[in-house]
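The structure appears right after this line, and notes come after that.
The values are calculated or read from the model by the stated rules, or taken from the named source; none is laboratory data. Keep in mind that this is a model prediction, so the values were computed, not measured. Please note: Cβ atoms are built from the backbone with ideal geometry, for glycine as well, and neighbour counts cover all protein chains shown.
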Amino acid sequence: MRPALPADRFVAPFANEKAARAANAGAYPPDLSLMVKARNGGADYLYAVLMGYKDEAPEGVELADGMYFNEYFPGRQIAMPPPVSADAVEFADGTEATAEQIAHDISAFLTWTAQPELEQRKSMGRKVLLFLIVLSAMLYVLKRKIWSDLH
């Protein structure tokens, strides 16, 4: 045992797939951080799913046993119970714990867990672009110097 590090992986909440299905009415819960990468609009899609639960299904929609209506989930039926409710957490800075705020924070966190190296990649990209701009300018000046006799 040692203190946790930011680079450590999260421990799986279930021992195996069978235990996960048993705890979730037969449904295998997906890794939501991968949903952020797999779907167009990643974090926005996840936010919509978290906020898309309705107390009752609209007229004409039959829900299977143990299913919940979610207007943004494909098929509009989801086995996961509503995970977000107002005042479920207390923010240290005094932010009001609305369901929308909590869903936004969850979406942002899962986006980060899907790509924790994103900030480092962006930083490296800026450095590479700066290098290419300087190199291009130097090559242009060199080209003008070499070909100046012929023009």
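Condition check: without any contact (Cβ under 8 Å) to a residue 60 or more places away in the chain, assigned to a helix (DSSP H, G or I) and either touching a Gly at 6+ places or on another chain (Cβ under 6 Å) or surrounded by 14 or more Cβ atoms within 10 Å (Cβ to Cβ) (or both). Does Ala48 satisfy that? Steps first, answer last, please.
Values: without any contact (Cβ under 8 Å) to a residue 60 or more places away in the chain: yes; assigned to a helix (DSSP H, G or I): yes; either touching a Gly at 6+ places or on another chain (Cβ under 6 Å) or surrounded by 14 or more Cβ atoms within 10 Å (Cβ to Cβ) (or both): yes.
In short, yes.
In the stretch 107-148, of all residues being outside any helix (DSSP H, G or I) and either among the polar types (S, T, N, Q) or modelled with pLDDT of 95 or more (or both), the one that is nearest to Val49 (Cα to Cα) corresponds to Gln115.
Selection of the stretch 101-143 for residues being touching a residue at least 12 places away in the same chain (Cβ under 8 Å) and of a type in the set (S, T, N, Q) yields Ser107, Thr111, Thr113, Gln115.
Out of curiosity, is Tyr68 touching a strand residue (DSSP E or B) at 6+ places or on another chain (Cβ under 9 Å), aromatic (Phe, Trp, Tyr) and free of Cβ contacts under 8 Å to residues at least 60 places away in the same chain? Yes. The condition (being of a type in the set (Gly, Ala, Ser), farther than 14 Å from Ile106 by Cβ, out of contact with any Lys or Arg (no Cβ under 9 Å at 6 or more places or on another chain) and in the same structural domain as Pro82 (by TED's automatic domain parsing)) is satisfied by just one residue among Ala27, Ala43, Ala22: Ala22. When you look at Ala97, is it part of a loop (DSSP other than H, G, I, E, B), touching a residue at least 12 places away in the same chain (Cβ under 8 Å) and either in contact with a Ser or Thr (Cβ under 7 Å, 6 or more places away or on another chain) or more than 24 Å from Gly26 (Cβ to Cβ) (or both), yes or no? It is false that Ala97 is part of a loop (DSSP other than H, G, I, E, B), touching a residue at least 12 places away in the same chain (Cβ under 8 Å) and either in contact with a Ser or Thr (Cβ under 7 Å, 6 or more places away or on another chain) or more than 24 Å from Gly26 (Cβ to Cβ) (or both). Looking only at residues in the stretch 71-83 that are free of Cβ contacts under 8 Å to residues at least 24 places away in the same chain and either assigned to a loop (DSSP other than H, G, I, E, B) or not assigned by TED's automatic domain parsing to the domain that holds Asp31 (or both), the one that is nearest to Gly41 (Cα to Cα) is Pro74. Exactly one residue among Ala86, Ala64 is hydrophobic (A, V, I, L, M, F, W, C) and either under 24 Å from Val36 (Cα atoms) or assigned to a helix (DSSP H, G or I) (or both), and that residue is Ala86.
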